[in-house]
Amino acid sequence: MVHWTAEEKQLISGLWGRLSVEECGAEALARLLIVYPWTQRFFGDFGNLSSPTAIIGNPKVRAHGRKVLTSFGEAIKNLDNLKGTYSQLSELHCDKLHVDPENFRLLGDILVIVLATHFTKDFTPACQATWQKLVGVVAHALARKYH
Amino acid sequence: MVLSASDKANVKAAFGKIGGQAEEYGAETLERMFAAYPQTKTYFPHFDLGKGSAQVKGHGKKVAAALVEAANNVDDIAGALSKLSDLHAQKLRVDPVNFKLLGQCFLVVVASRNPALLTPEVHASLDKFLCAVGTVLTAKYR
């Protein structure tokens with residue numbers, strides 16, 4: 001089980017309380033599709049992904065980004081039981097969505113960068129370290145049920 | 001992976017904007033890397049890694065200078081970093097995974113200090129550039 005210090009929990013919830021899940025989620029997913037274009041392979045039915053502008057403005061990207069980050073919110077509410085929280089989602093990503101877990105790591109790193117652009121100097125090294133740990137643990141939990 | 005003309009232009013412009021602050025960016029990149037990825041500290045047992053360390057600042061300056069050099073010679077990164085590539089292969093032998101970690105931290109520094117600079121397009125170009133630098137530095141490993 002992952003151990004979270006009081007400081008880490010504070011760094012997580014403090015930031016989470018100040019961000020727009022809709023904005024950050026949309027931006028994180030858009031950047032994933034732009035920076036690592038091969039990730040578009042999972043979104044064939046999303047319509048126009050032909051340019052960064054198209055991706056950023058794409059309503060399906062925005063909606064899905066929001067959905068993904070909302071799920072992150074669940075993780076944050078259940079930091080002491082991430083495995084349980086993500087058990088079904090893990091099975092889904094393996095059995096139905098067929099997503100290589102490496103993509104969870106890529107999205108996690110992108111999310112950290114998005115947080116850095118939003119929180120600038122408040123996104124201290126300690127804050128980044130905590131969030132890198134969180135995204136790593138979420139990625140691990142999502143990959144756990146793969147077979 | 002190949003840097004397109006627009007990637008190269010984005011990289012040059014980004015480093016142009018970072019300008020004289022490159023040294024600070026370098027130092028903060030290392031500070032963040034040691035905090036977020038403690039295993040990277042294993043390459044610096046001889047350093048004081050405490051906050052404000054002069055050694056970290058000095059090393060950050062070196063790292064930044066290399067990135068600036070690569071950006072200024074973006075058409076021939078391998079040529080520009082050839083000696084550094086030899087050094088990493090023969091002496092330093094930093095495991096290749098660590099270049100990604102450094103790259104991630106550099107992007108976070110740019111993102112937090114200059115968010116307007118890191119548009120999605122520039123983010124993509126810089127990410128590719130940092131991958132290319134890592135590839136060059138590990139190219140002669142075996």
(request) List every residue pair whose Cβ atoms lie under 7 Å apart, where the two residues are 6 or more positions apart in sequence or sit on different chains, the first residue falls within region A:111-132 and is more than 7 Å from chain B (Cβ to nearest Cβ), and the second residue, located anywhere, is of a type outside the set (A, V, I, L, M). (result) A:Val114/A:Cys24; A:Val114/A:Glu27; A:Val114/A:Arg31; A:Leu115/A:Phe123; A:Leu115/A:Trp131; A:His118/A:Cys24; A:Thr130/A:Glu8
(request) Return a yes/no flag: does region B:77-96 have any residue that is assigned to a helix (DSSP H, G or I), in contact with a Pro (Cβ under 6 Å, 6 or more places away or on another chain) and either of a type outside the set (Val, Ile, Thr) or away from every other protein chain (no Cβ under 12 Å) (or both). (result) no
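From the list A:Asp100, A:Asp95, which one is part of a helix (DSSP H, G or I), of a type in the set (Asp, Glu) and over 18 Å from A:Gly17 (Cβ atoms)? Give the derivation first.
On the way: A:Asp100 fails: part of a helix (DSSP H, G or I).
The unique qualifying residue is A:Asp95.
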(message) Can you say whether A:Phe72 is more than 14 Å from chain B (Cβ to nearest Cβ) and surrounded by 16 or more Cβ atoms within 10 Å (Cβ to Cβ), as far as the supplied structure shows?
(response) yes
(message) Anything in region B:22-41 that is of a type in the set (A, V, I, L, M, F, W, C) and either surrounded by fewer than 16 Cβ atoms within 10 Å (Cβ to Cβ) or away from chain A (no Cβ under 14 Å) (or both)? List them, or say none.
(response) B:Ala22
(request) Give the residue that is surrounded by the fewest Cβ atoms within 10 Å (Cβ to Cβ), with candidates limited to residues of region B:42-62 that are modelled with pLDDT under 95 and part of a helix (DSSP H, G or I). (result) B:Thr42
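Within region A:24-35, can one find any residue that is surrounded by fewer than 15 Cβ atoms within 10 Å (Cβ to Cβ) and at the interface with chain B (Cβ under 9 Å from one of its Cβ atoms)? First the steps, then the outcome.
So the first thing to find is which residues in region A:24-35 are surrounded by fewer than 15 Cβ atoms within 10 Å (Cβ to Cβ), and the list is none.
Within region A:24-35, not a single residue is surrounded by fewer than 15 Cβ atoms within 10 Å (Cβ to Cβ) and at the interface with chain B (Cβ under 9 Å from one of its Cβ atoms).
Search region B:115-142 for residues being in a loop (DSSP other than H, G, I, E, B) and more than 9 Å from chain A (Cβ to nearest Cβ), and hand back the single one that is nearest to A:Cys127 (Cα to Cα).
To start, the set of residues in region B:115-142 that are in a loop (DSSP other than H, G, I, E, B) comprises B:115-119, B:139-142.
Cutting the leftovers down to more than 9 Å from chain A (Cβ to nearest Cβ) gives us B:117, B:139-142.
Working: B:Leu117: 21, B:Ala139: 33, B:Lys140: 36, B:Tyr141: 34, B:Arg142: 37 Å.
Looking at the filtered set, the residue picked out is B:Leu117.
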(request) Look at A:Gly108 and say whether it is modelled with pLDDT of 95 or more, within 11 Å of the chain's Cα centre (by Cα) and over 17 Å from A:Asp80 (Cα atoms). (result) yes
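The values are calculated or read from the model by the stated rules, or taken from the named source; none is laboratory data. Keep in mind that what you see is a predicted model, and the values were worked out from it rather than measured. Quick reminder, even Gly has a Cβ in these numbers, built from the backbone with ideal geometry, and neighbours come from all protein chains shown.
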